[in-house]
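Everything below concerns the one structure shown next.
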Amino acid sequence: MPPVRAVQLMNKRLLGFFNWHRRRKSFHLRTVADLLVKDLKDQQPDHVAVTGDLVNISLRPEFENALEWLRTIGSGEHVSVVPGNHDAYVAMPWDETLGVWSDYMRSDTLGAAHVAPGERFPYIRIAGGIAIIGLSTGVPMPPLLASGRLGEEQRTALDKALATLGAEGYFRVVLIHHPPLAHQASRRKGLRDATELAGILERNGAELVLHGHNHRDMHETLTTRRGVTHIYGVPSASGCQGGHRPAAQYNLYDIERDGGEWRCRVTVRGLAADGRSFTPAGETTFTAPAKF
Ligand SMILES: [Fe+2]
């Protein structure tokens with residue numbers, strides 16, 4: 001974390017600052033995050049999704065440090081980011097905070113046709129039959145709360161985008177920081193409009209939902225009117241071995257269309273016990289209909 005002036009801590013940030021120094025500082029290591037990026041690049045993915053909480057208390061220098069790390073993964077064209085609760089810790093001007101990452105959080109040319117002009121979230125990116133839909137659940141909350149909210153405007157846009165993209169036969173990947181289902185997090189930490197989001201997913205389906213926030217390896221399914229939605233969460237990208245939470249992991253999603261069916265192989269890669277490399281930690285496959 002960069003140097004902090006006392007005046008910047010006269011609010012919710014004070015708690016976050018002390019929490020960082022009390023526990024998180026010794027667990028979240030840049031060396032681990034860099035090792036993960038190196039292993040990830042060795043796998044040569046077409047695209048990388050980063051599901052938020054790149055900073056701690058939303059200070060401007062933190063956003064610039066995170067941008068420098070994002071650039072080690074790749075350009076905005078190849079990396080998609082969605083904000084977490086720590087990325088919207090307190091109310092701050094867009095240009096001084098999340099706007100710093102705007103190359104990583106905007107629609108591409110094809111995706112822009114599915115969102116209203118000027119809309120920041122959701123943003124949509126489309127390539128190779130796959131549509132990435134990036135949501136923001138990061139909104140400033142009172143002290144001691146880590147919850148998030150999509151809001152009605154974003155939910156309405158998501159509803160419409162999922163319906164259209166589904167009808168067009170895309171494999172839809174929703175990126176969201178908070179786990180989408182109400183039972184996946186406590187009220188203090190969860191998504192406030194999870195019930196409404198579940199309704200949208202049940203109505204339209206989505207082939208894959210990727211989230212962060214819980215710092216755990218998670219997989220859930222949701223039965224929808226358009227098949228089964230697979231929901232995956234991963235531990236933090238910077239967590240070391242022997243800490244209070246699981247060590248760093250990431251998932252590889254190998255998605256291909258086989259006639260009328262999508263096939264997705266999920267490979268887990270995790271920090272080895274010696275903390276010096278990432279190694280395979282599990283594999284599973286699911287399928288989804290390519291046309292409704
Ligand atoms: Fe979070």
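Being in a loop (DSSP other than H, G, I, E, B) and away from the ligand (no atom under 13 Å from the Cβ) is true for just one of Asp34, Asp46. Which residue is that?
On the way: Asp34 fails: in a loop (DSSP other than H, G, I, E, B).
The conditions single out Asp46.
Let's see how each residue does on (1) assigned to a loop (DSSP other than H, G, I, E, B); (2) more than 16 Å from the ligand (Cβ to nearest atom); (3) touching a residue at least 40 places away in the same chain (Cβ under 8 Å):
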residue	(1), (2), (3)
Val55	yes, no, no
Leu67	no, yes, no
Thr72	no, yes, no
Ala91	yes, yes, yes
Asp95	no, yes, no
Gly99	no, yes, no
Asp103	no, yes, no
Arg106	yes, yes, no
Gly111	no, yes, no
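State all residues of region 224-234 that are in contact (Cβ under 8 Å) with a residue 60 or more places away in the chain and more than 16 Å from the ligand (Cβ to nearest atom); if no residue qualifies, say none.
Arg226, Gly227, Val228
I need a count of the residues in region 265-279 that are closer than 13 Å to Asp254 by Cβ and surrounded by fewer than 13 Cβ atoms within 10 Å (Cβ to Cβ).
Going through region 265-279 one residue at a time, the tally reaches 0.
Return the pairs, sorted by first residue and then second, in which the second residue is among the small types (Gly, Ala, Ser) and in a strand (DSSP E or B), the first residue lies in region 268-292 and is touching a residue at least 12 places away in the same chain (Cβ under 8 Å) and within 21 Å of Arg226 (Cα to Cα), the beta carbons are less than 7 Å apart, and the residues are 6+ apart or on different chains.
The qualifying pairs are Ala288/Gly227; Pro289/Gly227.
Which residue is farthest from Asp53 (Cα to Cα), if the candidates are limited to region 80-99 and must be small (Gly, Ala, Ser) and buried (at least 22 other Cβ atoms within 10 Å of the Cβ)? I'd like the intermediate steps shown before the answer.
Filtering region 80-99 down to residues small (Gly, Ala, Ser) leaves 80, 84, 88, 91, 99.
Then drop every residue that is not buried (at least 22 other Cβ atoms within 10 Å of the Cβ), which leaves 80, 84, 88.
Working: Ser80: 13, Gly84: 5, Ala88: 9 Å.
Among residues in region 80-99 that are small (Gly, Ala, Ser) and buried (at least 22 other Cβ atoms within 10 Å of the Cβ), the one farthest from Asp53 (Cα to Cα) is Ser80.
Considering only residues that are more than 16 Å from the ligand (Cβ to nearest atom) and part of a strand (DSSP E or B), look in region 198-223 and name the one that is nearest to Ser136 (Cα to Cα).
Among those that are more than 16 Å from the ligand (Cβ to nearest atom) and part of a strand (DSSP E or B), it is Leu208.
Conditions first: (1) more than 17 Å from His86 (Cβ to Cβ); (2) surrounded by 22 or more Cβ atoms within 10 Å (Cβ to Cβ); (3) in contact with a helix residue (DSSP H, G or I) (Cβ under 9 Å, 6 or more places away or on another chain). Arg226 passes all but one, so which condition is the exception?
(2)
I want to confirm something. Restricting to region 231-263 and keeping residues that are in contact with a strand residue (DSSP E or B) (Cβ under 6 Å, 6 or more places away or on another chain) and hydrophobic (A, V, I, L, M, F, W, C), which single residue is surrounded by the most Cβ atoms within 10 Å (Cβ to Cβ)?
Only one residue fits best here, namely Ala248.
Give the residues of region 125-148 that are away from the ligand (no atom under 13 Å from the Cβ) and either buried (at least 19 other Cβ atoms within 10 Å of the Cβ) or at pLDDT 90 or above (or both), sorted by residue number.
Arg125, Ile126, Ala127, Gly128, Gly129, Ile130, Ala131, Ile132, Ile133, Gly134, Leu135
Conditions tested, residue by residue: (1) at pLDDT below 95; (2) among the charged types (D, E, K, R).
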position	(1), (2)
Arg245	yes, yes
Thr267	no, no
Asp274	no, yes
Thr284	no, no
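Out of everything in region 157-191 that is of a type in the set (Gly, Ala, Ser) and assigned to a helix (DSSP H, G or I), what residue ends up being farthest from the ligand (Cβ to nearest atom)? Talk me through it step by step, then tell me what you get.
Taking region 157-191 first, the residues of a type in the set (Gly, Ala, Ser) are 157, 161, 163, 166-167, 169, 182, 185-186, 190.
Still in the running and assigned to a helix (DSSP H, G or I): 157, 161, 163, 166-167, 182.
On the way: Ala157: 22, Ala161: 24, Ala163: 29, Gly166: 28, Ala167: 33, Ala182: 16 Å.
Per the criteria, the residue is Ala167.
Looking only at region 137-156, which residues are assigned to a loop (DSSP other than H, G, I, E, B) and of a type outside the set (Gly, Ala, Ser)?
If the condition is that a residue be assigned to a loop (DSSP other than H, G, I, E, B) and of a type outside the set (Gly, Ala, Ser), then Thr137, Val139, Pro140, Met141, Pro142, Pro143, Leu144, Leu145, Arg149, Leu150 are the ones that fit.
The values are calculated or read from the model by the stated rules, or taken from the named source; none is laboratory data. What you see is a predicted model; the values in this text were computed from it and never measured. Neighbour counts run over all protein chains shown; Cβ positions are idealised from the backbone, glycine included.
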